[in-house]
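Undergrad: One structure, as structure tokens, below. Some questions next.
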Amino acid sequence: MPYQTLLTSLENGIFTITINRPDKLNALNQQVMSDLNEVMNEVYTNNEIKSVIITGAGPKSFVAGADISEFIGASVEEGKALTKKGQDIFFKIEHSPKPVVACVNGFALGGGCELAMSCHFRIASDNAKFGQPEVNLGLIPGYGGTQRLTQLIGKGRAMELLMSANMIDAATALQYGLVNYVVSQDELMNKAIAILNIINSKAPIAVAGCIAAANAVFDETKNGFEVEVNEFGKCFGTEDMKEGTTAFLEKRKAEFKGK
Ligand code: COA
């Protein structure tokens with residue numbers, strides 16, 4: 001499906017979504033947000049898609065934030081509606097039953113850092129820069145940044161970054177646990193593809209169960225251990241669990257079907 005502001009490609013079950021406004025450093029205007037919402041519907045429903053990479057077009061920026069030009073003149077109610085809509089879209093990414101990896105290829109600022117944090121994990125190129133500079137604009141992060149940054153790097157470090165608007169480089173992001181790997185820009189996509197090829201060879205319903213249970217840690221409305229019980233139990237009703245356990249005992253490689 002064509003999107004106005006996104007490029008998409010599907011290869012070996014890996015669906016790559018590239019935010020494509022390089023002249024504006026891939027800033028998230030409302031068209032990008034609407035396209036992201038639509039493309040996540042495609043991710044949820046297209047059985048050919050096993051896992052997802054989100055990245056930005058060009059060598060300089062992943063996403064340099066929400067599009068600041070759209071904030072001018074908005075009211076309190078419009079501001080709230082804007083943030084709620086953004087939160088819902090990023091929630092859809094975070095709760096995707098298929099793995100979503102951010103390949104951060106440059107600036108990940110404001111909404112860009114928030115987008116990367118809504119993905120299941122992050123890989124950065126060595127030129128990447130992370131930050132929540134909203135206080136420079138008289139704002140706070142509105143797409144889940146105050147919550148996910150604190151979850152990912154801890155309260156003290158998050159508080160400092162949120163209040164100071166300081167940027168951190170890729171090496172610091174790695175040290176903080178904000179990203180899993182730092183590689184050269186040339187190697188960025190290959191690194192993600194290598195990891196996703198491994199994940200895509202596993203039982204998809206079990207992978208989705210891991211996502212649901214790990215996400216439950218941060219969901220006050222859920223008991224994560226109960227989610228684990230349910231997801232574990234659900235696996236016993238799948239063909240893939242029978243195939244995985246039988247293949248192990250027969251000393252052969254399991255062939256999973258996602259059933
Ligand atoms: N919203 C709207 N436009 C943005 C943008 C954003 N968040 N980030 C960058 N752009 C635009 C710039 O206005 C510029 O457009 P122009 O060429 O039409 O003037 C273009 O992208 C290139 O950005 P520029 O600032 O010239 O690049 P730079 O290399 O000098 O600086 C940044 C890069 C990322 C440091 C700088 O663009 C920046 O600070 N962006 C805003 C970051 C931010 O506050 N994000 C949080 C938003 S809530």
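Every number here is computed from the coordinates shown, using simple stated rules; none is lab data. Not measured: the values here are computed from a predicted model. Please note: Cβ atoms are built from the backbone with ideal geometry, for glycine as well, and neighbour counts cover all protein chains shown.
Undergrad: Taking springs between alpha-carbon atoms closer than 10 angstrom, which of 79, 138, 154 fluctuates most in the Gaussian network model of the chain?
TA: Among 79, 138, 154, the largest mean-square fluctuation in the Gaussian network model of the chain belongs to 138.
Undergrad: Still on this model: Roughly what angle does helix 224-235 make with the longest principal axis of the chain, taking Cα atoms, 0 to 90 degrees, to the nearest 10?
TA: Helix 224-235 and the main axis of the chain meet at about 40 degrees.
Undergrad: With only alpha-carbon atoms in the gyration tensor, what are the semi-axes of the equivalent ellipsoid for the stretch 96-153, in Å, largest first?
TA: Semi-axes from the Cα gyration tensor: 19, 15, 8 Å.
Undergrad: Follow-up. If you place +1 on the Cβ of every Lys and Arg, -1 on the Cβ of every Asp and Glu, and leave all else neutral, what size is the dipole of the stretch 203-249 about its Cα centre, to the nearest 20 Debye?
TA: The dipole of the stretch 203-249 has a size of about 80 debye.
Undergrad: Quick check: net charge around residue 11, other residues with Cβ under 12 Å of its Cβ, Lys/Arg +1 and Asp/Glu -1?
TA: 0
Undergrad: Could you work out the equivalent-ellipsoid semi-axes for the stretch 130-259, taking the square root of 5 times each eigenvalue of the Cα gyration tensor, largest first, in whole Å?
TA: Three semi-axes, in Å: 37, 21, 10.
Undergrad: Net charge within 10 Å of residue 67 by Cβ-Cβ distance, Lys/Arg positive one each and Asp/Glu negative one each, not counting residue 67 itself?
TA: Around residue 67, the surrounding residues sum to +1.
Undergrad: Please tell me which of these pairs span more than 25 angstrom C-alpha to C-alpha: 60/98; 50/234; 50/129; 24/129; 129/202?
TA: 60/98; 50/129; 129/202
Undergrad: Considering only DSSP beta bridges where both residues belong to the chain, give the percentage that are antiparallel (nearest 5).
TA: Antiparallel bridges: around 25 percent, rounded to the nearest 5.
Undergrad: Also, I was wondering about something else. For the stretch 29-90, what does the alpha-carbon gyration tensor say about shape, rounded, prolate or oblate, given a ≥ b ≥ c as the root eigenvalues, a/c under 1.5 as rounded, and a/b over b/c as prolate?
TA: Taking the square roots of the gyration eigenvalues as a ≥ b ≥ c, the stretch 29-90 is oblate.
Undergrad: I've got another one for you. How large are Rg and Dmax for the stretch 204-259 when only the alpha carbon atoms are used, in Å?
TA: Radius of gyration, then largest Cα-Cα span, for the stretch 204-259: 13.1, 42 Å.
Undergrad: Okay, moving on. Tell me the volume per residue, in Å³, of the convex hull enclosing the alpha carbons of the stretch 6-199.
TA: Per-residue hull volume (Cα only) is 104 Å³.
Undergrad: Can you give the calculated 222 nm mean residue ellipticity of the chain, where each DSSP H run of n ≥ 4 adds -39,500 (n - 2.57) and the sum is split over every residue, rounded to the nearest 500 deg cm²/dmol?
TA: After summing the helix terms and dividing by residue count, I get -14000 deg cm²/dmol.
Undergrad: What whole number of Å gives the distance from the Cα centroid of the stretch 153-198 to the Cα centroid of the stretch 207-223?
TA: Value for the Cα centre distance between the two parts: 22 Å.
Undergrad: For the chain, what relative contact order do you get, as a whole percent, if you take Cα pairs closer than 8 Å and at least 6 residues apart?
TA: 15 percent
Undergrad: Mind checking the dipole of the stretch 1-149: about its Cα centre, +1 per Lys or Arg Cβ, -1 per Asp or Glu Cβ, Debye to the nearest 20?
TA: 280 debye
Undergrad: I've got another one for you. Could you list 6, 109, 249 in order of exposure, starting from the residue whose Cβ has the fewest other Cβ atoms within 10 Å?
TA: Least crowded to most crowded, the residues run 249, 6, 109.
Undergrad: What FRET efficiency, computed as 1/(1 + (r/R0)^6) with R0 = 30 Å and r the Cβ-Cβ distance, is obtained for residue 210 and residue 88, rounded to the nearest 0.05?
TA: The computed FRET efficiency comes out at 0.85.
Undergrad: Then there's this: What is the dipole size for the chain, taken about its Cα centre, with +1 at each Lys and Arg Cβ and -1 at each Asp and Glu Cβ, in debye to the nearest 20?
TA: With Lys and Arg at +1 and Asp and Glu at -1, about 460 debye.
Undergrad: Taking only Cα atoms, what is the 0 to 90° angle, nearest 10, from helix 155-164's long axis to the longest principal axis of the chain?
TA: 30 degrees
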